[in-house]
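One structure is given below, encoded as structure tokens.
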Amino acid sequence: MAMISQPGSSHWMISNEMHCKFRHNGVKISASTMEAPKTKEIFSGLRPSSWNYLKAAQSFRLHASSGAVLCRGRRFIVAASPPTDGAVVAAEPLTKEDLVGFLASGCKPKEKWRIGTEHEKFGFETETLRPMTYEQIAQILNAISERFGGDKIMEGDHVIGLKQGGQSITLEPGGQFELSGAPLETLHQTCAEVNTHLDQVKSVAEELGIGFVGIGFQPKWEHNDIPVMPKGRYEIIRDYVPKVGSLGLDTMFRTCTVQVNLDFSSEADMIRKFRAGLALQPIATAIFANSPFTEGKPNGYLSMRSETWTDIDSDRAGMLPFVFDDSFGSTYEEQNKPWTLVYLNIPLIHFNCQSITLTTSRHDKESFKLTPTARFERYVDYALDVPMYCVYRNKQYINCTGMSFRDFMAGKLPSLPGERPTIKDWEDHLTSIYTEVRLKKILEMRGADVGPWRRLCALPAFWVGLLYDEVSLQNVLDMIADWTPEEREMLRNKVPKSGLKTPFRDGLLKHVAQDVVKLAQDGLERRGFEETSFLNEVKEVVETGITPAEKLLELYHGKWGQSVDPVFEELRY
């Protein structure tokens, strides 16, 4: 949509090595330079009749072989537009292009890629092993804030979290205590952040007789024993999920995960990482499987946490087969061939960038952002039809279950008649999608059970080594290139029960996992931060083929005398 810039605001945001400009019929095109390969000409559907309402339908890529480009260098890369903020006033309601632009705004150059780690954990009374109550949680949050600093996050009169610089502490529906870490550059920083957080939590909790355990599924207590957190959003979700799946309440109240959030540089980079992450997610599930108990006895699974996600809501969970389709993206090589901007059927300039700003000479207070659409748009189309949970208005959550964000865009929500969404509503909606890999302005790897602190550092090491190194990423893509949709789905469905012993082609998943971990190690070595030691826990698992859950089951049937109570001490932080 057209944006009316306020005084002092920036028309565009560029990540560049060199600034270049082109002008045609009064239209100025700005971009930034880097290196590019040979060009490929594609006609793009621009509507030239009115530059004031120019929309982009494709991802354009600049190339300096066109004599119209007035700059040195060969390849042009421009950062996508950031989401709307207080300095920009929307003249029109949100469009689908705005939703696409929100995702595209996550693109950033490799030197700005960061690592964000999140993990959840169960709190329990050390004397009774019962789940901690909300009142005990509030005491812990207040004490951490007073002792170590942090701004309290409130909902009504209830403290429901803390903001500590770039990181935050939040509560899952059943009181699972979650750290959402800051975006950090190295795994050393990530692990230090985790250790500092655990030290702070332990120093406060132990004084209150509370401990925390790192396991993927609540091992002892029934659902009715779990306290419900005083958060309006969770009340709405709790009432809705039993209507669309049999395990949704278990997922909400009795599971804990560890995940890593990673960056991408472009649509093409996003596609490659999305595909690699989805295909390998069952391997991560197997390696980190750590939830074999339910209500005091073995549940028949190695990762009960992962199993619960198979029957929570098929509209918002799963493996997203379309990510592997041609409709979601072509090959990496094809994506990196520059395209050509065509105006009135006249090839003007070759493009090889993520977005371009066009500003008319007569209306220099208006700017138009050309952002990548073809593949981000496919995900937007999917997310638009995912049923909503709620909308936050006037400090209250409004129940919108069963309606789609597409309805919201059209002003057709019965609970908010005629009202249309903000970009913050879109951001909130994206968090209600629970696929094995989730796309926001980052990619979230969501397949692992939480475990002891060493595994909290191993999970980001696993994915960073695979996805942040170009050689390892390409090797993964080559490895999975001929995996069929049926094979990927089979792995997703069988791994929660059989782990690394899941049959795959001529061997076991263990053998594939060994190759994958070697690629992760190689990728970490090439990063040059001496991070490979964080994979030690993972290497031991794939070498033996014995998952953490199987070790717990061996203790249960042996040393523990068929009691799950010792797990609270075994996996206590």
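The values are calculated or read from the model by the stated rules, or taken from the named source; none is laboratory data. All of these numbers come straight from a predicted model, not from anything done at the bench. Virtual Cβ from ideal backbone geometry, glycine too; neighbours counted across all protein chains shown. Just so you know, the surface numbers come from the protein's heavy atoms only, side chains and all, with ligands and any DNA or RNA stripped out. Shrake-Rupley method; radii C 1.70, N 1.55, O 1.52, S 1.80 Å.
Miscellaneous remarks
- As a summary of the residue check, residue 228 satisfies the conditions (1) assigned to a helix (DSSP H, G or I); (2) surrounded by fewer than 17 Cβ atoms within 10 Å (Cβ to Cβ) except for the one numbered (1).
- The criterion of being within 28 Å of residue 115 (Cα to Cα), touching a Pro at 6+ places or on another chain (Cβ under 8 Å) and assigned by the TED database to the domain that holds residue 111 does not hold for residue 524.
- Inter-residue pairs, beta-carbon under 6 Å, first over 13 Å from residue 287 (Cβ atoms) and in the stretch 527-547, second among the polar types (S, T, N, Q) and part of a loop (DSSP other than H, G, I, E, B), 6+ apart: 529/186
- Restricted to the stretch 332-449, the set of strands (runs of 3 or more DSSP E) holding at least 2 residues that are modelled with pLDDT under 95 comprises 339-343, 346-352, 356-360, 366-370.
- Per-region count, the stretch 102-126, residues among the basic types (Lys, Arg), open to solvent by 30 Å² or more (accessible area, probe 1.4 Å) and not in a loop (DSSP other than H, G, I, E, B): 2
- Tabulated pairs, the stretch 421-435, first over 18 Å from residue 445 (Cα atoms), second among the acidic types (Asp, Glu) and modelled with pLDDT of 95 or more, C-beta under 9 angstrom, 6+ apart or interchain: 423/98; 426/98
- Flag if residue 196 is in a strand (DSSP E or B) and among the hydroxyl-bearing types (Ser, Thr, Tyr): no
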